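S.K.: Please read through the structure below; I'll follow up with questions.
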Amino acid sequence: MRQNNLMEAIYEQLSETRFNKIKHVLETGSTNSDLILKASELSDGFLLITDYQLDGRGRKGRTWDAPPARNLIFSVLLHPRWPPERNQLVTPALALSTVEVLENLGLSASVKWPNDVMIALDDNKKIAGILAEYIQQENPVLIVGMGLNVGWPMQKDPGPPNSTSLRACGVEKNKFDLLVEILKNFEKRLIEISSENGNATFRQAHIEKSSTIGNQVKVEHVKGETIGKAVDIEKGGSLIVENEDGILSINEGDVIHLRKL
Ligand code: BTN
């Protein structure tokens with residue numbers, strides 16, 4: 001399908017959601033960086049899709065690489081319609097939306113706190129990563145970008161450690177169909193986190209699909225390292241870890257699953 005027709009087809013399917021302002025570019029530096037540059041001009045839900053990033057960025061200053069046209073790469077710009085303490089929920093909301101799509105394809109998927117999408121395969125392998133960036137301006141915005149490994153890496157490829165793709169899991173699915181399904185779910189989850197009741201439902205769903213809860217974990221965060229049992233996720237999205245020092249609420253960091261308890 002030609003690019004214009006393809007974008008029209010995506011638009012048709014997303015027209016009832018906030019993600020109905022769509023731009024597709026064949027190549028760019030980073031879709032998150034592009035939206036940051038235009039943050040004051042773009043309306044809520046603006047969606048930027050690319051086939052290839054030359055300077056894809058991951059969490060904590062890491063890079064995010066994928067060969068041209070193999071994976072799903074996109075960012076959206078959001079005008080938060082929820083209290084600021086819930087901004088942190090946007091990444092698990094997108095992760096959960098993706099998990100649900102992957103489960104419908106027969107894969108055993110989960111959210112690794114805070115926002116990695118994992119597949120239960122040879123232990124756990126990462127299939128998608130999410131980067132959310134908050135822009136403080138007159139009307140603050142959140143930019144949320146995701147890379148979902150659709151066709152790369154395969155087992156033989158020298159991909160990022162501990163990562164997998166849909167194709168490597170034996171699933172063939174058009175990446176734009178995946179995008180539509182993920183964003184339809186994301187729309188519902190964003191509505192959920194905007195209300196008090198919905199937020200409680202979201203927290204429950206997040207806990208159910210979390211592969212972190214119930215594990216002995218090591219969390220590397222700005223204040224150092226915490227080892228303990230991951231026991232809960234708070235309504236603002238923080239991870240609760242229990243150890244001999246007591247109960248700690250952690251709102252950022254990298255998690256290593258040490259063992260299931
Ligand atoms: C991570 O797991 O470290 C997060 C990876 C986020 C990658 C996506 S790809 C689309 C968007 N643009 C970027 O530069 N990064 C995010």
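S.K.: Place the peptides 41-50, 153-162, 107-116 in order of packing, highest mean first, counting for every residue the other Cβ atoms within 10 Å and averaging per peptide. Walk me through the numbers on the way to the answer.
M.R.: Values: 41-50: 19.0, 153-162: 12.5, 107-116: 22.7.
Peptide ranking by packing, descending: 107-116, 41-50, 153-162.
S.K.: In addition: Give me the distance between the Cα centres of the stretch 95-139 and the stretch 205-237, rounded to whole Å.
M.R.: 15 Å
S.K.: Between Leu37 and Lys218, how many nm apart are label points set 7 Å from Cα along the C-beta direction?
M.R.: For the pair Leu37/Lys218, the computed spacing is 3.9 nm.
S.K.: From Cα coordinates alone, what are the radius of gyration and Dmax values for the stretch 3-208 in angstrom?
M.R.: Looking at the stretch 3-208, its Cα Rg and Dmax stand at 15.9, 48 Å.
S.K.: How high is the FRET efficiency from Ile247 to Leu54, r the C-beta distance, R0 51 Å, rounded to 0.05? Before the final figure, lay out the partial values.
M.R.: Details: r = 44 Å, r/R0 = 0.86.
The pair Ile247/Leu54 has a calculated efficiency of 0.70.
S.K.: Place a +1 charge on the Cβ of each Lys and Arg in the chain and a -1 charge on the Cβ of each Asp and Glu, then give the dipole magnitude about the Cα centre in debye, rounded to the nearest 20. Provide the component values of the computation, followed by the final result.
M.R.: Details: 30 positive and 35 negative charges, 70 e Å.
Its charge dipole is roughly 340 debye.
S.K.: Continuing with the same structure: Quick check on the exposure proxy: order Phe186, Phe176 from fewest to most C-beta atoms within 10 angstrom.
M.R.: Numbers: Phe186 27, Phe176 19.
Listing Phe186, Phe176 from fewest to most nearby Cβ atoms yields Phe176, Phe186.
S.K.: Can I ask one more? What are the radius of gyration and Dmax of the stretch 215-260, computed over its Cα atoms and given in Å?
M.R.: Rg then Dmax for the stretch 215-260, in Å: 9.5, 25.
S.K.: Also, I was wondering about something else. Less than 14 Å Cβ to Cβ from Gly214, Lys/Arg counted +1 and Asp/Glu -1: what total charge do the surrounding residues give? Don't skip to the end; give the middle numbers.
M.R.: Values: positive: Lys112, Lys209, Lys229, Arg259, Lys260; negative: Glu208, Asp232, Glu242.
Neighbourhood net charge equals +2.
S.K.: For a quick check of your reading of the filter: which GluC sites (Glu not before Pro) in the stretch 141-187 sit in a DSSP loop and have no more than 13 other Cβ atoms within 10 Å? Please report the intermediate quantities before stating the final value.
M.R.: Numbers: sites: Glu172, Glu181, Glu187; in loops: Glu172.
Here the sparse-neighbourhood loop sites are Glu172.
S.K.: Report the local net charge at Leu190: Lys and Arg +1, Asp and Glu -1, summed over other residues whose C-beta lies under 13 Å from its C-beta. List each step's numbers first, then the result.
M.R.: Numbers: positive: Arg18, Arg81, Arg86, Lys184, Lys188, Arg189; negative: Asp44, Glu187, Glu192.
With Lys, Arg at +1 and Asp, Glu at -1, the net is +3.
S.K.: In the stretch 61-103, which residues have a backbone nitrogen under 17 Å from the label point lying 7 Å from Glu138's Cα in the Cα-to-Cβ direction?
M.R.: 79-80
S.K.: Could you work out the local net charge near Gln88, counting Lys and Arg as +1, Asp and Glu as -1, over the other residues with Cβ closer than 14 Å to its Cβ? The partial results should precede the final answer.
M.R.: Numbers: positive: Arg59, Arg86, Arg189, Arg203, Lys235; negative: Glu85, Glu133, Glu234, Glu252.
Counting the neighbours of Gln88, the net charge comes to +1.
S.K.: Right, another one. For the chain, build the charge dipole from Cβ charges (+1 Lys, Arg; -1 Asp, Glu) around the Cα centre, then report which of Thr31, Gln204, Leu78 sits farthest towards its positive end.
M.R.: Working it through, the farthest residue towards the positive pole turns out to be Thr31.
Just so you know, all these numbers are worked out from the coordinates, no wet-lab data involved. Just so you know, these numbers come straight off a predicted model, no measurement behind them. Reconstructed Cβ throughout: ideal geometry from the backbone, glycine too, with neighbour counts over all protein chains shown.
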